[in-house]
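Written out below as structure tokens is the structure these notes cover.
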Amino acid sequence: MNTDFSKLELKPDHVNRPLWACADGRIFLETYSPLYKQAYYDFLIAIAEPVCRPESMHEYNLTPHSLYAAVSVGLETETIISPYGGDGFTIGKTSGELEAGPWELLNAAELAAAAQEKETHSFEIDPAQIVKQRCLPSELNYPMLEEYDFRNDNVNPDLDMELKPHAQPRPYQEKSLSKMFGNGRARSGIIVLPCGAGKSLVGVSAAARIKKSCLCLATNAVSVDQWAFQFKLWSTLRDDQICRFTSDSKERFRGNAGVVVTTYNMVAFGGKRSEESEKIIEEMRNREWGLLLMDGVHVVPAQMFRKVISITKSHCKLGLTATLVREDEKITDLNFLIGPKLYEANWLDLVKGGFIANVQCAEVWCPMTKEFFAEYLKKENSKKKQALYVMNPNKFRACEFLIRFHEQQRGDEIIVFADNLFALAEYAMKLRKPMIYGATRLVMILSNDNVTPTARVNGAPISARSAMGSISCTGRSPTIILFQVKHA
């Protein structure tokens, strides 16, 4: 498009019109508007999916799943389309601006007060059928909302659990929890917070509010240890009430209620187990969990989710993730396996608020060397192509230069991540740096302020300022993170 729109005159009240709605469901929001935080962002994130959110302009998209999420947090049809007699947001069939309105009426308390009484019926559904029906495409227009009336649950034993005095959730963490507990019950769904924003405190806070037995699922054994530590750090639970279930640690809590932290693989594993593991799994199957807390929901295969949900019986499911994107393109399955997206924080807003670090990202393209590229083009090397572009010498040289520059000239602490184990081992050996991966015996001593004063790999202390890793660890934050990606 070569059309120049710079001479178009703005309406006198254009300051109060920071939104533009398109006929295809796209919505654009000016973030520099005075009304951005006050009225627009929280409402849009509740009814639409964010497409891209750069510093000055956000783009959202209305989808069936986003509207399902809006309904789940208490927004009614009239509230979304034209609340309170049309004096609010109005989304028409043609392109145009969204009208401003009485934003103070959009808070959860008044929405709950305005909600009409509806007739309810109670009946029991086979858990296996719940998973099956919610995943069928023909059923997507009839989503099921899961809510747990935990305060009136007199069947399952209570868990004596409170947050410690130093556990003070930040405003955005409180807001995410209010979306989950807005109507006095616990809604099943997903909370999206960026890395370093405190997803673990949100999960522990949710468990402390429900006060029932909690099953916490993590992606690997290191994360299991981290979650067990987070429960000890933020809650009043005793050590014997927090149990880990991994291949190396098989603990059981004492009493009628407690917290079990394990991995998705340990629960979904279909092979032969040891006698002790089989007994623990059987206890998990027979117990009614008040909260099923799932970390890293964007990386776990959808089929594993189905198996975990069919094996365990839980009243409320909370999924935590930093990015609601999946490589298998089955992200929409999470809406029906777990629940709708309850809240999503914008990382730029958290940076401006001083809650997370101000990150600067740079992408370095490294052309293949002449020799590697010649081998890459040969047909007989089709199976070696990935190895050739992963081990591109120019990538190694660039990584080596960046490490030396930041270590020697700036004194930075560095972690190099690689998603290819062979490349990780080669880089660690050539650069003479410690390597951390799945088989590494990693021991971290964490203090109350979540700092790592000491780290040991395979029993030896890490003295270098750099480390190679294939996993993410909670601990002292490095200044520089380098990603050695395996893409061509």
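Derivation of every value follows stated rules applied to the coordinates shown; laboratory data play no part. A quick note: this is a predicted structure, and the numbers were derived from the prediction, not measured. Cβ: placed from backbone, ideal geometry, glycine included. Neighbour counts: every protein chain shown.
General observations
- Whole-number Å³ per residue for the convex hull built on Cα positions in the stretch 257-323: 91 Å³
- Sparsely packed loop sites in the stretch 248-278 (the trypsin sites (Lys or Arg not before Pro) outside DSSP H, G, I, E and B with at most 14 other Cβ atoms within 10 Å) comprise Arg252, Arg254, Lys272, Arg273.
- Computed E for Met304/Leu10 - FRET, C-beta separation, R0 60 angstrom, nearest 0.05: 0.70
- Applying a DSSP loop filter and a limit of 12 other Cβ atoms within 10 Å to the trypsin sites (Lys or Arg not before Pro) in the stretch 339-437 leaves Lys378, Arg410, Arg432.
- The calculated FRET efficiency for Tyr437 paired with Glu400, based on their beta-carbon distance and R0 = 22 Å, is about 0.65.
- Cα-based convex hull volume of the stretch 233-362 per residue, rounded to whole Å³: 168 Å³
- On the basis of the beta-carbon distance and an R0 of 51 Å, Leu377 and Asn152 show a calculated FRET efficiency of 0.15.
- Segment Gln360-Glu426, extension gain: residue separation times 0.36 nm, minus the distance between their alpha carbons: 21.0 nm
- Taking other residues whose beta carbon is less than 11 angstrom from the beta carbon of Gly182, and scoring Lys, Arg as +1 and Asp, Glu as -1, yields +3.
- Extension reserve of the Arg285-Thr63 stretch, reckoned as 0.36 nm per residue once the Cα distance is removed: 76.4 nm
- Entry for the stretch 127-352 at q = 0.09, 0.10, 0.12, 0.13 Å⁻¹: log10 I(q)/I(0) = -0.34, -0.42, -0.61, -0.73, Debye formula applied to identical alpha-carbon scatterers, no solvent contribution.
- When you filter the chymotrypsin sites (Phe, Trp or Tyr not before Pro) in the stretch 364-396 for DSSP loop state and at most 13 other Cβ atoms inside 10 Å of their Cβ, you are left with Trp365.
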